[in-house]
Amino acid sequence: VNTPATKAILNDIGSTCLRWPGGSLGDIYHWTNEIWPTGATSPQTGGSFSSDFIALATNTHSQAFIIVNYGSSDASEAAYAVRMFNVTNHCNFKYWEVGNEIFGTWETDYNTNAPYQAHDPWTYAMRFKDYYTQMKAVDPTIKIGAVIDPTEDGYANYTNHPVVNPRTGVTHNGWTPVMLTYMRSNNVTPDFVIEHKYGPGVSDNLLLLWSSSWATDAANLRQILNDYLGSAATNVTLESTEAGVNAGPTLQNVSLVGGLFYADSMGQVLQTEFKSRVW
C-alpha cells in the first residue's frame with residue numbers, strides 16, 4: 001500500500017480520505033501484533049501493515065476512517081489502536097468505526113457468549129458503550145461511529161428485543177431501531193452512523209437511476225435517528241464509508257456507465273446531509 005506509485009496516484013486524484021484496514025478485514029484484524037487471519041498465532045509476514053498505512057496517509061495528507069475489530073476482539077484492543085495511531089504516532093485520525101457491516105451474516109462475529117448473539121443489534125448496542133468509553137478515554141477528540149441500515153425492518157436477525165417507534169407506535173425488530181433504542185437506554189450516542197451503499201448490477205438503466213436514492217436514505221436515516229434518539233440525534237452525522245457501482249465483478253465497474261454513476265452519485269450526495277462518501 002505504501003509505494004511511490006500509490007502515493008503519486010492518490011496525490012494526483014486529490015484523495016483526502018482513506019480507510020483501514022478495509023471492509024471485512026476490520027473484524028478479523030488484530031492491532032496488538034498485526035496477525036492476519038482470525039485464529040492465527042503468529043504475526044503476518046506479508047501484505048500491508050499499519051506502519052505502511054500511516055506512511056501513506058501522512059504522505060498524501062489524508063484523513064482516515066479506521067475500523068476497529070468488533071467481530072473477533074474487544075474494546076481494549078480498540079483503545080490500543082487509538083493509542084498506537086493518535087498518541088504514539090500522532091496521526092490525529094478522527095473517524096473510527098466499530099465493526100464493519102456487523103449486521104450481516106457474511107461478517108465475522110464471535111460474540112456468542114449468552115446473552116450475547118452474533119449479528120445482533122442488542123449485543124452491538126451493549127458492547128458499543130465499552131468501545132466508546134475506552135476509546136474516548138485515550139483520545140476524547142475522536143469521533144466514533146456505529147453501523148446502520150436506512151430502514152426500520154432491515155436485518156431483523158432476531159425477535160427477542162422488539163422495540164416500538166415512539167412516534168408511530170409500530171413495533172420493529174430491524175437492526176437500526178433495536179440498536180438505537182438500546183444505545184439510548186445504555187446512555188451512549190454514536191458520533192456518526194455508517195451506511196454502505198452499492199448500486200445494482202442488473203442493468204445500466206437501473207444503475208444510473210440509483211443515485212437519486214441517496215436523498216431518500218438521508219431523509220429516512222434522519223427521521224429514524226430523531227425517532228429513537230430524540231434530541232440526542234442532533235449531533236449525529238451521516239457517513240458512507242463504502243459506496244460504489246456494485247459489490248460484484250461486473251463490467252460496469254470499468255465502463256463509461258460506471259464513470260457516469262461515479263460523477264452523478266457524488267452530485268447526489270452533495271445535495272444531502274451525508275458528510276462523506278468513500279468510493
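Select the strands (runs of 3 or more DSSP E) contained entirely in the range 57-151, then report the ones holding at least 2 residues which are modelled with pLDDT of 95 or more, of a type in the set (A, V, I, L, M) and under 28 Å from residue 10 (Cα atoms). Talk me through it step by step, then tell me what you get.
Values: elements: 63-68, 95-98, 143-147.
Per the criteria, 63-68, 143-147.
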Revision key, fill the gap. Scanning the range 123-152 residue by residue, the ones that are open to solvent by less than 30 Å² (accessible area, probe 1.4 Å), within 13 Å of residue 191 (Cβ to Cβ) and not aliphatic (A, V, I, L, M) total 4
Study note, to complete from the structure: Residue hits (the range 205-227; surrounded by 19 or more Cβ atoms within 10 Å (Cβ to Cβ), of a type in the set (A, V, I, L, M, F, W, C) and modelled with pLDDT under 95) are 207, 210
Point to revise | The lone exception for residue 14 - which of (1) modelled with pLDDT of 90 or more; (2) in a loop (DSSP other than H, G, I, E, B); (3) under 20 Å from residue 276 (Cβ atoms) it fails | key: (1)
Check your understanding: Do we have any residue at all in the range 256-266 that's out of contact with any Gly (no Cβ under 6 Å at 6 or more places or on another chain) and closer than 14 Å to residue 150 by Cβ?
Key -> no
Check your understanding: What are the residues in the range 1-27 that are hydrophobic (A, V, I, L, M, F, W, C) and surrounded by 13 or more Cβ atoms within 10 Å (Cβ to Cβ), if any?
Key -> 1, 10, 17, 18, 20, 25
Review point. For residue 258, which of the numbered conditions (1) under 30 Å from residue 166 (Cα atoms); (2) open to solvent by less than 30 Å² (accessible area, probe 1.4 Å) fails to hold?
Key: (1)
Study note, to complete from the structure: All conditions in (1) touching a helix residue (DSSP H, G or I) at 6+ places or on another chain (Cβ under 6 Å); (2) on the phi > 0 side of the Ramachandran plot are true of residue 101 except (1)
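Tally time: how many residues in the range 164-190 are open to solvent by 10 Å² or more (accessible area, probe 1.4 Å) and either in a strand (DSSP E or B) or of a type outside the set (Lys, Arg) (or both)?
Looking only at the range 164-190, we keep the residues that are open to solvent by 10 Å² or more (accessible area, probe 1.4 Å), and these are 164, 166-173, 181-182, 184-187, 189.
The next check asks that each one be either in a strand (DSSP E or B) or of a type outside the set (Lys, Arg) (or both); those that pass are 164, 166, 168-173, 181-182, 185-187, 189.
Selection size over the range 164-190: 14.
Would you please name the residue that is farthest from residue 241 (Cα to Cα), looking only at residues in the range 33-54 that are in a loop (DSSP other than H, G, I, E, B) and either open to solvent by less than 60 Å² (accessible area, probe 1.4 Å) or at pLDDT 75 or above (or both)? Before the answer, list the steps.
From the range 33-54, those in a loop (DSSP other than H, G, I, E, B) are 33-49; that's our starting set.
Pick out the ones that are also either open to solvent by less than 60 Å² (accessible area, probe 1.4 Å) or at pLDDT 75 or above (or both) and you get 34-35, 38, 40, 44, 46, 48-49.
Values: 34: 23, 35: 24, 38: 23, 40: 28, 44: 26, 46: 26, 48: 20, 49: 20 Å.
Among residues in the range 33-54 that are in a loop (DSSP other than H, G, I, E, B) and either open to solvent by less than 60 Å² (accessible area, probe 1.4 Å) or at pLDDT 75 or above (or both), the one farthest from residue 241 (Cα to Cα) is 40.
State the number of residues belonging to the range 270-279 that are within 11 Å of residue 241 (Cα to Cα) and either among the acidic types (Asp, Glu) or part of a loop (DSSP other than H, G, I, E, B) (or both). If you could, list the steps in order and put the result at the bottom.
So the first thing to find is which residues in the range 270-279 are within 11 Å of residue 241 (Cα to Cα), and the list is 274-279.
Still in the running and either among the acidic types (Asp, Glu) or part of a loop (DSSP other than H, G, I, E, B) (or both): 278-279.
Residues in the range 270-279 being within 11 Å of residue 241 (Cα to Cα) and either among the acidic types (Asp, Glu) or part of a loop (DSSP other than H, G, I, E, B) (or both): 2 in total.
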Check your understanding: Which numbered condition trips up residue 193, out of (1) under 19 Å from the mean Cα position of the chain (by Cα); (2) surrounded by 13 or more Cβ atoms within 10 Å (Cβ to Cβ); (3) at pLDDT below 95; (4) of a type outside the set (S, T, N, Q)?
Key -> (3)
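What is the residue count in the range 205-218 for residues that are small (Gly, Ala, Ser) and either under 25 Å from residue 99 (Cβ atoms) or without any contact (Cβ under 8 Å) to a residue 12 or more places away in the chain (or both)? Steps first, answer last, please.
Pass one, the range 205-218, residues small (Gly, Ala, Ser): 211-213, 215, 218.
Okay, now just the ones that are also either under 25 Å from residue 99 (Cβ atoms) or without any contact (Cβ under 8 Å) to a residue 12 or more places away in the chain (or both), so 213, 218.
Looking only at that region, the number is 2.
Report the residue count in the range 89-120 for those that are β-branched (Val, Ile, Thr) and surrounded by 16 or more Cβ atoms within 10 Å (Cβ to Cβ). Please lay out each step first, then the result.
The first filter runs over the range 89-120 and keeps only residues β-branched (Val, Ile, Thr), leaving 98, 102, 105, 108, 112.
Imposing the further condition that a residue be surrounded by 16 or more Cβ atoms within 10 Å (Cβ to Cβ) reduces the set to 98, 102, 108.
Total satisfying the criteria: 3.
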Practice item. Please verify whether the range 144-156 includes one or more residues that are in contact (Cβ under 8 Å) with a residue 40 or more places away in the chain, under 30 Å from residue 86 (Cβ atoms) and out of contact with any strand residue (DSSP E or B) (no Cβ under 7 Å at 6 or more places or on another chain). Key: yes
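Considering 267, 201, 230, which residue is in a helix (DSSP H, G or I), farther than 25 Å from residue 124 by Cα, touching a residue at least 24 places away in the same chain (Cβ under 8 Å) and open to solvent by 10 Å² or more (accessible area, probe 1.4 Å)? Reasoning before the result, please.
On the way: 201 fails: in a helix (DSSP H, G or I); 230 fails: farther than 25 Å from residue 124 by Cα.
The match here is 267.
The values are calculated or read from the model by the stated rules, or taken from the named source; none is laboratory data. Quick caveat: nothing in here was measured; it's all calculated off a predicted structure. Note: ideal-geometry Cβ built from the backbone for every residue, glycine included; neighbour counts use all protein chains shown. Remember, those area values only see protein heavy atoms, side chains included, never the ligands or the DNA or RNA. Shrake-Rupley method; radii C 1.70, N 1.55, O 1.52, S 1.80 Å.
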